[in-house]
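Student: Before anything else, here's the structure in question.
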Amino acid sequence: MQFIIDCWNSVMGDPTWFYLITTIAKLALMFILLLLFVVLSVWIERRIAGWIQDRPGPNRTGIPIHLLQRFGSKEKQPLKKWLEYFGVPANSWIAKLCTWLRLDREIPLFGLIQPMADGAKLFLKQEMTPSYVRKGFFIAAPMFVLGPPLIAAAVLPFSSSVDTCYGAINMCVANLNIGVLWIFAFSGLSVYGLTLAGWASNSKFPFIGGLRATAQLISYEVAMGLSIIPLLMMFSTLNLQEIVQNQAENGWTLVPLWGEGLSLQRWVLLLPMCISFLIFVTSVFAEANRTPFDMAECETDLVGGYHTEYSSMKFASFFMGEYVAMVVGSALVITLFLGGWSIGLGADVCLADWAKAAAITGSDQAATCWQSILGCCAGWIVVLLQFVAFIVKLVAFVFFFVWVRWTLPRFRFDQVMKLSWLVFFEIAVINILLTAAILYFIQ
Amino acid sequence: MDLPISQILFYLFALAALVSAFGVVAFRNPVSSAMCMAACFGFVAAIFFGLGAEFLGIVQIMVYAGAVLVLFLFVVMMLDVKKEEKLVVSLPAALVGTCIAAVFAGMITNVSLSLPGATDCCPMAAACETPANVQSNTTPNPSKFGGPLAAPKSGERSDTHILGEMIFTKYNIPFAILSFALLSACVGTVAISRKLRQD
């Protein structure tokens, strides 16, 4: 035991190893988080769709009871036996309720494993590669869609930093000084996947889908980039962790209710920030290829768009890539405009102070057992709370994404292009000038 | 042999960039060439990152790989090259091409050799704080990784800051002139490509 502790101490005491190990741990956490969110957003998508369209949605996916018989259970009707065991008569309301919940047929999970069932279905489907495609690009295209959003997520801060006895851990995988640009650059690269898929499929509808995707993504990238310049002027940094830290101390971009956020300047700046928010969110929808901007794959005029010729896991890669892009987009929106991991109302500053004070009392000689334990854990508790705040916001924004999808009808393609180049572009440029004027004249 | 990781990465990325740049010329299929070019941009961006010029690196990916090259690809796909053309080599053309390439290569070599830190070790290691040969007997330090792997140092100005200040103070007038040149080129392109109405 002592040997393991010594080993751990010597490895973690070395700054290089400490840095490598914490980075890999954060990397794994971020990756798992994103993939779990893909699964979760598929479930949210299908349940909310059902809810909005006044139907149950996938609420039946459970573990069927007859699987138990497969694994050696001799029992034909387990529910009946259980009811008898507890002495519940077969025609009482409890028995009826259990039957209504389908307990006699399955172990209900309320459709929670529906995404798993979807995934299994896609896995088991036949993998078809048509003979007329350009093979190399056809295979590479799904990777270009799934890879870039996963790379882009590396700079998203999911919590603040924590001080351990070996050094500080910053809770984002790569704390780059150009975080915002990093996300833009890499989410922009997924356009290659759509274009190549359309071209390599060597058939009509995928090609049109690919062209549409290229035009749309490039146009909205411009609007997206211009729309957040006012924000960057206000924070005067490109580092996402610093932006969130600033929001935690001085009020979220859209909710300046504490700290320096109560100054006149910040309240006047709310106008350009709201304009930025509208343009940015709309552009994120367009970048994620979601309704009302799903021009690249609208099934009414393009069969399936760029992925018409794809099947099985290659199709699933496109599907997942789209959902990862959606999750990363939502995370970027909440990071820039809604405080990221910040709990809000100045609670972050209080919590940080509390953690610091607890650490000091904990390291004191006179500290009781509880105080010293608290001193060790305080930083982690704060980080965990902030992480929960981040997840809650993320789920809320993913819900919003789905809500919009099932509420708004699809635009026409010329309307999409007009919206970007004739409306958003101009408004975003004017917005930059407006922000500059406010920052200069109102101190 | 004690090779710091930055040096290994530099040679790796440089080699990859050269190979993909060669691919641009070697492939007969225009889409393959375009994708090779994208890869080349990516590797050059990686070298920028290693040199600590994060802003330049990311702009390289964002503007060149993310926008300019996608437009290239767009056009190349629209062309629909049915028969990929056979390579025809004529001697005078090859000679002139070689001469121009040699002059250009000489110029670049000359410029890069006159840069600070160009000859003593590889540039990515030089960009890190301490030289590679000192590091072997001291405790290894995360800043040895350089670039994106390095722990951010507090209080140091980012290269975005430095670049912005340079452009908007010292080189403000050339920058403005260049912007106007680009703007006029844009307007000119639109004016040329637009068909005049016949009424």
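Student: Can you say whether A:W258 is within 11 Å of chain B (Cβ to nearest Cβ), over 22 Å from the mean Cα position of the chain (by Cα) and more than 22 Å from A:A28 (Cβ to Cβ), as far as the supplied structure shows?
Tutor: No: the conditions fail for A:W258.
Student: If you go through the range A:244-261 one residue at a time, how many are surrounded by fewer than 24 Cβ atoms within 10 Å (Cβ to Cβ), of a type outside the set (S, T, N, Q) and in contact with a helix residue (DSSP H, G or I) (Cβ under 9 Å, 6 or more places away or on another chain)?
Tutor: Summing the residues that are surrounded by fewer than 24 Cβ atoms within 10 Å (Cβ to Cβ), of a type outside the set (S, T, N, Q) and in contact with a helix residue (DSSP H, G or I) (Cβ under 9 Å, 6 or more places away or on another chain) in the range A:244-261 gives 9.
Student: I would also like to ask the following. In the set A:P148, A:P115, A:P157, A:P142, which member is under 18 Å from the mean Cα position of the chain (by Cα) and either under 28 Å from B:F27 (Cβ atoms) or surrounded by fewer than 13 Cβ atoms within 10 Å (Cβ to Cβ) (or both)?
Tutor: Only one candidate passes the filter, namely A:P148.
Student: Here's a follow-up. So is B:N133 at pLDDT 90 or above and surrounded by 11 or more Cβ atoms within 10 Å (Cβ to Cβ) or not?
Tutor: Spelling it out, it is not the case that B:N133 is at pLDDT 90 or above and surrounded by 11 or more Cβ atoms within 10 Å (Cβ to Cβ).
Student: Please name all residue pairs, on different chains or six or more residues apart, with Cβ atoms under 7 Å, provided the first residue is in the range A:179-206 and is more than 16 Å from B:Q60 (Cβ to Cβ) and the second residue is of a type in the set (D, E, K, R) and part of a loop (DSSP other than H, G, I, E, B).
Tutor: Within 7 Å, the pairs are A:A200/A:R134; A:S201/A:E309; A:N202/A:R134; A:S203/A:E309; A:P206/A:E309.
Student: Okay, moving on. List the helices (runs of 4 or more DSSP H) inside the range A:156-248, counting only whole elements, that have at least 1 residues being closer than 28 Å to A:Q265 by Cβ and away from chain B (no Cβ under 11 Å).
Tutor: Counting at least 1 such residues, we get A:204-227, A:229-235.
Student: Now a separate question. Which of the residues belonging to the range A:401-418 are assigned to a helix (DSSP H, G or I) and in contact (Cβ under 8 Å) with a residue 12 or more places away in the chain?
Tutor: A:F401, A:V402, A:W403, A:V404, A:R405, A:F413, A:V416, A:M417
Student: Next up: Those residues that are of a type outside the set (K, R) and either touching a Lys or Arg at 6+ places or on another chain (Cβ under 7 Å) or on the phi > 0 side of the Ramachandran plot (or both), I need them from the range A:101-116; list them, please.
Tutor: A:P108, A:F110, A:G111, A:Q114, listed by residue number.
Student: Can you find even one residue in the range A:299-312 that is among the acidic types (D, E), farther than 30 Å from A:T214 by Cβ and free of Cβ contacts under 8 Å to residues at least 12 places away in the same chain?
Tutor: No, the range A:299-312 has no match at all.
Student: Considering A:A378, A:A359, A:A347, A:A352, which residue is under 25 Å from the mean Cα position of the chain (by Cα) and not basic (K, R)?
Tutor: Of the residues listed, the single one that is under 25 Å from the mean Cα position of the chain (by Cα) and not basic (K, R) is A:A347.
Student: Just a yes or no: is a residue in the range A:245-254 modelled with pLDDT under 90, of a type in the set (G, A, S) and under 24 Å from A:L345 (Cβ atoms)?
Tutor: Yes, that holds for at least one residue.
Student: On to the next question. Within the range B:39-56, restricting attention to residues that are facing chain A (nearest Cβ under 10 Å) and aromatic (F, W, Y), which residue is farthest from B:A17 (Cα to Cα)?
Tutor: Per the stated criteria, the residue is B:F55.
Student: All but one of (1) closer than 25 Å to A:V324 by Cβ; (2) at pLDDT 75 or above; (3) assigned to a loop (DSSP other than H, G, I, E, B) hold for A:L109; state the number of the condition that does not hold.
Tutor: A:L109 satisfies all of (1) closer than 25 Å to A:V324 by Cβ; (2) at pLDDT 75 or above; (3) assigned to a loop (DSSP other than H, G, I, E, B) except (2).
Student: Let me ask something else about it. Could you go through the range A:122-133 and let me know if any residue there is surrounded by 14 or more Cβ atoms within 10 Å (Cβ to Cβ), under 21 Å from A:P64 (Cβ atoms) and in contact (Cβ under 8 Å) with a residue 24 or more places away in the chain.
Tutor: Yes, the range A:122-133 has at least one match.
Student: Out of all the residues in the range B:22-56, which are free of Cβ contacts under 8 Å to residues at least 40 places away in the same chain and within 30 Å of B:S158 (Cα to Cα)?
Tutor: Residues satisfying the conditions are B:M37, B:A38, B:A39, B:C40, B:F41, B:G42, B:F43, B:V44, B:A45, B:A46, B:F48.
Student: Additional query: Restricting to the range A:64-98, what's the tally of residues that are within 27 Å of A:P115 (Cβ to Cβ) and at pLDDT 75 or above?
Tutor: Qualifying residue count for the region: 1.
The values are calculated or read from the model by the stated rules, or taken from the named source; none is laboratory data. Computed from a predicted structure; not experimentally measured. Cβ sites come from the backbone with ideal geometry, for glycine too, and all protein chains shown count toward neighbours.
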